[in-house]
1. Only counting other Cβ atoms within 10 Å, I'd like B:Met24, A:Met71, B:Met200 sorted with the fewest neighbours first.
2. Can you give the % of DSSP beta bridges in the protein assembly as shown that are antiparallel, to the nearest 5?
3. Quick one: dipole size for the protein assembly as shown, taken about the Cα centre, charges +1 on Lys/Arg Cβ and -1 on Asp/Glu Cβ, in debye to the nearest 20.
4. Inside 10 Å of the C-beta atoms of B:30-37, what's the mean count of C-beta atoms belonging to other chains?
5. Are any of the pairs B:Lys57/B:Lys117; B:Lys117/B:Lys227; A:Lys91/B:Lys227; A:Lys54/B:Lys68; B:Lys112/B:Lys206; B:Lys57/B:Lys269 more than 24 Å apart by Cα-Cα distance, and if so, which?
6. Modelling each spin label as a point 7 Å along the Cα-to-Cβ direction, I'd like the A:Thr82/B:Lys3 distance in nm, to one decimal.
7. Determine the dipole magnitude for chain B: charges of +1 sit on the beta-carbon of Lys and Arg, -1 on that of Asp and Glu, nothing else is charged, the reference point is the Cα centre, and the result goes in debye to the nearest 20.
8. Would you list B:Phe228, B:Phe268, B:Phe13 from fewest to most Cβ contacts within 10 Å?
Amino acid sequence: MERQVIQSVGFRNTVEDGKVTGFQFKVRLPYYRGIFLSQLRPGTLTVDGETFSKDEVIWNFDGEDFTWEEMTTNYKLHWAVTKPATLKVKKEGGLAQGFHDLTYGFCFTSSYMPPIIQDHLDPDQESMVFMPEFGHHVNSRRLLIV
Amino acid sequence: MSKKGHPQRGVTFYSYLNLMGRTMTLDDVFEEVADTGATCFELLTSYIEGYPNPSNKWIDHYWSLCEKYHLQPAELGHWAENHLRRGPAMSDDEVVEELKQDFRLANLLGFKALRTKITCVNVLCDPEPGWQSYIEKALPYAEKYDVMMQNEVHLPTTLHTPHIRDEYLDFIHRTGTSHFGFNIDFGTFQYKPAKGMEDMPMSDFKDVTKPEEIVDFLPYSRACHTKFTSMNENFEEETIPYKEVIDLMIENGWNGYLLSEFEGTIRFKAEQGPEYFGRAMDEVPDQVRRHQIMMRNLLGY
C-alpha cells in the first residue's frame, strides 16, 4: 500500500448502467493494529471545498458495503491494517477531469486508552494527544481524475 | 479519404517500476491503470511471477485481473538474449529456444505484440551483427504463436538512423514477414532536455526524429511507447511534439496501442535515497495520470 492514508490506487469515478454516478477512493488504517467495524468513527469528507457528511459516505470492505450506522453494531468484521477500505460517494456526474483536493477525517475507539481521550474523540479533529502509532484523524491528498 | 485511426490508450507497467514490489503489487498496478480509464497495458516478462515458468494459479490470477479491470494485454516486453553465458557463443538455435519460450508466454497471456530488445553494439543501438540469422529462424514460431516482434526505436536513435532502413526495414522486406516491426518510442521526437534532466542528457538533441517521419513506419507498428519525462500542471509534455505525432497517426489510419511510459527525473533518483523514494510514491502515479489526461484529450476518449 502507499505511504499516504488516502491512496491513489482506487481513486476514480464510478459508473452504474453506463452513467457516472459518483466517485470512490481508498484509505488505509493508520493504526498499529486492526479494528472491528464498531470501533470506527467515520467523519467528514471534503473534496475541493464541497463537504460530504458521514451519511453520504459508504464504507466497503472486501466487496461489502456498510453505512456508518450499520458499522456501529458490527463487532465481527475486522479491518486489518494491511488492506485498504474503499469509500464510495454518490455524486451525479462524478468528479471533473483534473486535480482534486481530498480531505477525510476518521478515527476509532481504543478502550484501553484513558476516558479523557476516548470521550473527546472527534474524527474531524486531531486527538488531544497525538500518537504516531495511532495516525492522524484527518488526512489530505491531491489526486487526479482522468 | 482513408479511414481515421482509432488507437487504444494504455500504460506500460514499467512506469511504476520503482514502486512495484515495494508499495505496489501487480494487483495495485492493474487497478491504478484502470482508474485512468486506459484500456490496455504492457507487461515485462520480469513481472511474470515464476518467469519463465509461471504457475497456473498465477496465470489464472493474471487473467482475472485483466477481466476485473477491463484491460487488454497490448505488448509484452522481452529480451532476445544471445549472451547468456560465457565461453562459446549461443548458437542460433539456442537463441530461438529463448525466443520461443517468450512467444509461448505472450500467447498464453494474450499478447500479440512484443517489444523485443535486440543486442546492440553502441549508444545508437546499431544491432549486433548476426541478429538477422536467429530472428529469421524465430519467425515461424512467431507466426505459430501469433506474435509480432517489435524493435524499439528509442532516443538517441532516430527513424532516419541508417540501421533502421539498412538493417530492420531490409530484414522485413527481404523476408516479407509480418511478424517483425517497430515500437516507436516517442522519446525519439524529443527536441530538448527534460525538466530536471538537463545534466543527464541522452542526446545533444541536434539530430531528432521529425513527427512526419513516423508515417512510413506505421504499417510496421502495433504498439508504441508514448514516452514522457515531465507533465506540467496543465497536462502538457513540453519537450515532445505530442499533438503533431498523434494527429499524424490518426490521420494515417493507425489502430495500434499507445502505451504511456514515464521516464522522468524522479524515476532515476528514486533509488538514491528515502527522500527521493518518498517523492516517487507521490509523483509516479500523479505523472502517469497527468499523461493519461493529455492522451484522453488528444484522442477524445
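1. Listing B:Met24, A:Met71, B:Met200 from fewest to most nearby Cβ atoms yields B:Met200, A:Met71, B:Met24.
2. That works out to approximately 55 percent antiparallel.
3. Working: 45 positive and 67 negative charges, 95 e Å.
Result for the protein assembly as shown is approximately 460 debye, rounded to the nearest 20.
4. That works out to 5 on average.
5. On the way: B:Lys57/B:Lys117 28 Å; B:Lys117/B:Lys227 17 Å; A:Lys91/B:Lys227 34 Å; A:Lys54/B:Lys68 29 Å; B:Lys112/B:Lys206 35 Å; B:Lys57/B:Lys269 35 Å.
In this structure, B:Lys57/B:Lys117; A:Lys91/B:Lys227; A:Lys54/B:Lys68; B:Lys112/B:Lys206; B:Lys57/B:Lys269 lie more than 24 Å apart at Cα.
6. 5.0
7. Working: 30 positive and 48 negative charges, 95 e Å.
The dipole magnitude comes to about 460 debye.
8. Least crowded to most crowded, the residues run B:Phe268, B:Phe13, B:Phe228.
Each reported figure results from applying straightforward, stated rules to the coordinates on display, with no laboratory input. As the structure is a prediction and not an experimental result, all values here were calculated from the model. As a convention, Cβ positions derive from the backbone with ideal geometry for all residues, glycine included, and neighbour counts pool all protein chains shown.
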